Amino acid sequence: HRPPRPDYFFVPARRVHLRVGEQPPMSGGASGSARTAGSRIGGYPPPNAPEHWPEWLREVWDNDKYIRKRKYLVLQDMIQVQPSRDFSIDLAHLGLLLTLDRRRDGRFHVDELIEFHKLYTQSASTHGTVEFQSQFQAFATMQLWDMVSAENGEDDFVKWFLRLLTENMESGHPPVKTIKDHPKVVYLRSGSIKTLHDLLSVQRVFGVDYQSFYNLLAQVAAEEYSEHYDATAEKYTDVVPLETLEIFARAFVRGFCSIMTELGFEPGMLKSPEERAVLIAKKAEREKRAREEREKKRREEEEKRK
């Protein structure tokens, strides 16, 4: 399927333009204030009526008391949603999760998921479920690109990525812990690392099983943070410093940017031509400064050798 143009997304009977910071508009005509006041969201009753929710969302909600207690879904809940006749979207897609997490807080709120399902049912009935999934994933990938290619985009992505992991409650257990010897260091539990391994399909794409993936992260942690991490010590079993995942996130986003640039994508493709021109100019300036810094460092090293 051909992906949609990066600046719009199709819904039935009309083309809807999406600019940066916007989301696919939902039907029903209710304003944001009306929705806040508890009116119907996208044709559905408000979130206090689970019996009227989409079947896939109600099933997740009913089967997990911890979701009902906190009243939102986290990463693990999202990627465990199995595509079905009612909802054929595979949610294990980083760009799609970024798009659905409007608040960028690592949480997936019921009202937003209901709105997304409404868009899904309307668009899928017109364009087909496969067409909808391919188009929405293409749009979501562009949302991810728009974020990371902006000024400070790498930092913004890393903050969101770490929130996604640190909000990932496992059966009521917190995804992070501290250790008495290093009370200021945050450690991520292995359950969230396993969720990350599943999300990125590391075994299917790279042939790296979970234990090998975990061992790689532990090796990086031991090399970079030896003052507060020893993979051989029992107290560090099944945890790695959260800082290690920041290294991973930065490497991931730089690889993603490299691929997108090679494919001819430019920063700000969801923005107006004027905004895009400013972003491209800023990117060129950053690259120029980076080249100057490299050249300065090279000359200093030559002087030292002399």
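The values are calculated or read from the model by the stated rules, or taken from the named source; none is laboratory data. Predicted model, so just to flag it, every value in this text is computed and none were measured. Backbone-built Cβ (ideal geometry, glycine too); neighbour counts: all protein chains shown. Only protein heavy atoms, including side chains, enter the accessible area calculation; ligands, DNA and RNA are left aside. Shrake-Rupley method; radii C 1.70, N 1.55, O 1.52, S 1.80 Å.
Can you report the number of residues in the stretch 221-242 which are open to solvent by 50 Å² or more (accessible area, probe 1.4 Å) and touching a residue at least 24 places away in the same chain (Cβ under 8 Å)? Number satisfying all stated conditions: 2.
Per this entry, residue 94 is counted among residues that are open to solvent by 10 Å² or more (accessible area, probe 1.4 Å) and at pLDDT 90 or above. Among the residues of the stretch 48-80, those that are of a type in the set (S, T, N, Q) and either farther than 19 Å from residue 103 by Cβ or part of a strand (DSSP E or B) (or both) comprise 48, 63, 80. Assuming residue 197 fulfils every condition listed in (1) closer than 28 Å to residue 266 by Cα; (2) crowded, with 19+ Cβ neighbours inside 10 Å; (3) free of Cβ contacts under 8 Å to residues at least 60 places away in the same chain apart from one, which condition is it? Of the numbered conditions (1) closer than 28 Å to residue 266 by Cα; (2) crowded, with 19+ Cβ neighbours inside 10 Å; (3) free of Cβ contacts under 8 Å to residues at least 60 places away in the same chain, the odd one out for residue 197 is (1).
Taken over the stretch 194-217, the criterion of being closer than 20 Å to residue 90 by Cα and of a type in the set (A, V, I, L, M) is satisfied by 196, 199, 200, 202, 205. Exactly one residue out of 111, 105 is among the charged types (D, E, K, R), in a helix (DSSP H, G or I) and surrounded by fewer than 19 Cβ atoms within 10 Å (Cβ to Cβ): that is 111.
Quick grid of which residues meet (1) in a loop (DSSP other than H, G, I, E, B); (2) among the charged types (D, E, K, R); (3) touching a His at 6+ places or on another chain (Cβ under 8 Å); (4) at pLDDT below 85:
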site: 226; (1), (2), (3), (4): yes, no, no, no
site: 229; (1), (2), (3), (4): yes, no, no, no
site: 232; (1), (2), (3), (4): yes, no, no, no
site: 256; (1), (2), (3), (4): no, no, no, no
site: 260; (1), (2), (3), (4): no, no, no, no
site: 277; (1), (2), (3), (4): no, no, no, yes
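Residue count for the stretch 114-153 under the criterion of being open to solvent by 20 Å² or more (accessible area, probe 1.4 Å) and within 23 Å of residue 68 (Cβ to Cβ): the result is 1. Flag: residue 100 does not match the condition of being crowded, with 17+ Cβ neighbours inside 10 Å, touching a strand residue (DSSP E or B) at 6+ places or on another chain (Cβ under 7 Å) and over 22 Å from residue 256 (Cα atoms). Scanning the stretch 184-242 for residues that are among the charged types (D, E, K, R) and at negative phi returns 184, 189, 194, 198, 204, 209, 223, 224, 227, 230, 234, 235.
Specify the residue that is least open to solvent (accessible area, probe 1.4 Å); the eligible residues are those in the stretch 65-88 that are over 20 Å from residue 118 (Cβ atoms) and charged (D, E, K, R). Checked the stretch 65-88; the qualifying residue least open to solvent (accessible area, probe 1.4 Å) is 70.
Scanning the stretch 209-220 for residues that are closer than 17 Å to residue 192 by Cα and either open to solvent by 60 Å² or more (accessible area, probe 1.4 Å) or not in a helix (DSSP H, G or I) (or both) returns 209, 211, 215, 216. Of all the listed residues (246, 302), the sole one being part of a helix (DSSP H, G or I), surrounded by fewer than 14 Cβ atoms within 10 Å (Cβ to Cβ) and among the charged types (D, E, K, R) is 302.
Residues being free of Cβ contacts under 8 Å to residues at least 24 places away in the same chain and surrounded by 17 or more Cβ atoms within 10 Å (Cβ to Cβ): count how many of those fall in the stretch 164-190. Write out each step before concluding.
If we filter the stretch 164-190 for residues that are free of Cβ contacts under 8 Å to residues at least 24 places away in the same chain, which is where we start, we get 173-175, 178, 180, 183-184.
The next check asks that each one be surrounded by 17 or more Cβ atoms within 10 Å (Cβ to Cβ); those that pass are 175.
Matching residues across the stretch 164-190 total 1.
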